[in-house]
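Here, each number is a calculation from the coordinates, and none is a lab measurement. As the structure is a computational prediction, the values presented were derived from the model and not from experiment. Counting neighbours? That spans all protein chains shown, and the Cβs are built from the backbone with ideal geometry, glycine included.
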Amino acid sequence: MELAIDYGRKRIGIATVFFSSIINNKGWKKVVPQIEKIIEQKSIDTLVFGLPLNVDGTESIMSAEVREFARRFNIKKEFIDERYTSLEALELHNKEFIDDISAKIILERYKSKQFL
């Protein structure tokens, strides 16, 4: 099962096909163990990270931070273009739920990519 991650400096949205949540980002030393616990509890075999690309498709400064965060996990990792997921999430819900909705959108993009 996949766990999608919408990484942010303040909050991290996470989602599987069955649940979604928001983790307050209080530093990697606190966040990584929380996500590792979810990986174990939910039998996650793949992490799907939203990769914040520039409008022209090149990697942004934040892309490097996401990749560095991803290196903390010893599990299969995939990266999906997350451009405009926040805007899509805002269309679906208010700002309070933007991070976990964005993670769901990232997961949907990953799943649809698998079937192309």
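Give me Leu3, Leu53 ranked fewest to most by other Cβ atoms within 10 Å of their Cβ, as a rough exposure proxy. Don't skip to the answer; put the middle values down first.
Details: Leu3 23, Leu53 17.
Ascending Cβ contact count within 10 Å gives the list Leu53, Leu3.
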Could you compute the net charge surrounding Pro33? Neighbours are other residues with a C-beta less than 12 Å from the C-beta of Pro33; K and R count +1, D and E count -1. +3
Taking 0.36 nm per residue of separation between Glu65 and Glu36 and subtracting their Cα-Cα distance, the length gained on full extension comes to 8.6 nm
As a test of understanding, state the convex hull volume per residue of the range 2-114 from its alpha carbons, in Å³. 101
Cut-off is 10 Å between beta-carbons; in what order do Thr16, Thr58, Thr46 appear when sorted fewest neighbours first? Thr58, Thr46, Thr16
